Structure formats: structure tokens, C-alpha cells
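Have a look at the structure below before the remarks.
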Amino acid sequence: MTTGDFPLLARWLSYRHVARWWNHEWSSDAVERDFGPSARGEEPNEDWLALLAGRPVGLLQRCWWSDYPQYLAEMTAVYLPPPGAVSVDYLIGEPGDVGRGLGPSMIAAFTTHTWSELPESSCVVVPVVAANRASWRALEKAGFVPVAEGELEPDNPIDDRWHRVLRLDRP
């Protein structure tokens, strides 16, 4: 993703189906503040646009667990990601694209891309708020398996702390 994609991302973040789980400000200043460092390579995580026939349909984020010690420390209380583990986050942008099977396909393609681009990665470990059934089902459909459940800080303060943790090992 580049800074030129920020208006699209701001629109996506404003949609109810995204805002419910991402709980993120969508003003241009907020998007620049929170996504600008990644777009400029100043932050260790990466943001990617998922394209379908050249049309942006979703956002994917990827980071090494080891690059975020505070997040890793919290996660360790529920599940210890092994060395070389990465995490991903994702969203489907347009309301008309939700429920069409794009999530599992997007996640599967991105993990395949991760294996080729990050040969030292061992697995992908993703915590998901347990109430977000669509999200963890998309991961399962992409081949992830549940490995733990427990309390983590939710992205949205209205959510319960209970999370499911899913994992996909390098093939």
C-alpha cells in the first residue's frame, strides 16, 4: 500500500462491517498517522492491498511477532508464537464484496506469498476475537487450525477479551 491508497483505506474504515472489528478512525489525518509509517517503511509491519482482477478488495497487514515485544508479551499469556512466526490482519473493503468467499482466498494467497517472500518464516499465528466468527472461519477455510483460546485485549473496547488463536505452519 502507498500513501496514494489512503483515501480508499479511509473509505473502507468508515464502513460499518469494517468499523465494527477494526475500531479505527478514518479521517485523513488518522489514516496518515496510523498507516503512513508503514507506507514509508518506517515501521516494521507491512500493509498490502488485495486485488481481484486489478480491483482493490481488501487490506492485509503482516508483521513478525518478534518486532512487537509488548504485543508478543501479551500473547504469550495465551499462546507462545514460535521463533520465525508472523501475524496477519485483514479486512474486506467494500460491503458488496463481503460474504463472497474473498476472505479465505485472500488469506490463503497472502500466506503463500509470505512463504515465498519470507523464507525464514515458520508459521502464521493470528489471534481473533472469538465473537468475530466470520474472521476465524475465514482463517479456518484458508487452512489455519485453532491452537489456543484465552483473554487478550480486544481492538474494540465493546468486545469481550476472549480470543481464539489460529495457526498455519509453513508447508
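The values are calculated or read from the model by the stated rules, or taken from the named source; none is laboratory data. Because the structure is predicted, anything quoted here is derived from the model rather than measured. Virtual Cβ from ideal backbone geometry, glycine too; neighbours counted across all protein chains shown. These accessible areas exclude ligands, DNA and RNA; they are computed on the full protein's heavy atoms, side chains included. Shrake-Rupley method; radii C 1.70, N 1.55, O 1.52, S 1.80 Å.
Overview of values
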| read-out | value |
| --- | --- |
| Matching residues, the stretch 69-96, being assigned to a helix (DSSP H, G or I) and surrounded by fewer than 19 Cβ atoms within 10 Å (Cβ to Cβ) | PRO69, GLN70, TYR71, LEU72, ALA73, GLU74, THR76, PRO95, GLY96 |
| Residue in the stretch 1-39 that is most open to solvent (accessible area, probe 1.4 Å), counting only those that are of a type in the set (Phe, Trp, Tyr) and not in a loop (DSSP other than H, G, I, E, B) | TRP21 |
| Check on LEU102, open to solvent by less than 40 Å² (accessible area, probe 1.4 Å), closer than 23 Å to HIS24 by Cβ and under 16 Å from the mean Cα position of the chain (by Cα) | yes |
| Boolean, GLU42 is closer than 23 Å to TYR68 by Cβ, open to solvent by 70 Å² or more (accessible area, probe 1.4 Å) and touching a Leu at 6+ places or on another chain (Cβ under 8 Å) | no |
| Hits in the stretch 139-158 - residues which are assigned to a loop (DSSP other than H, G, I, E, B), under 23 Å from ASN23 (Cβ atoms) and open to solvent by 20 Å² or more (accessible area, probe 1.4 Å) | GLU153, ASP155, PRO157, ILE158 |
| Of the criteria (1) free of Cβ contacts under 8 Å to residues at least 40 places away in the same chain; (2) among the aliphatic types (A, V, I, L, M); (3) in contact with a Phe, Trp or Tyr (Cβ under 6 Å, 6 or more places away or on another chain), which one ALA85 fails | (1) |
| Selected residue (only one of SER122, SER116, SER135 is surrounded by 17 or more Cβ atoms within 10 Å (Cβ to Cβ) and of a type in the set (Ser, Thr, Tyr)) | SER135 |
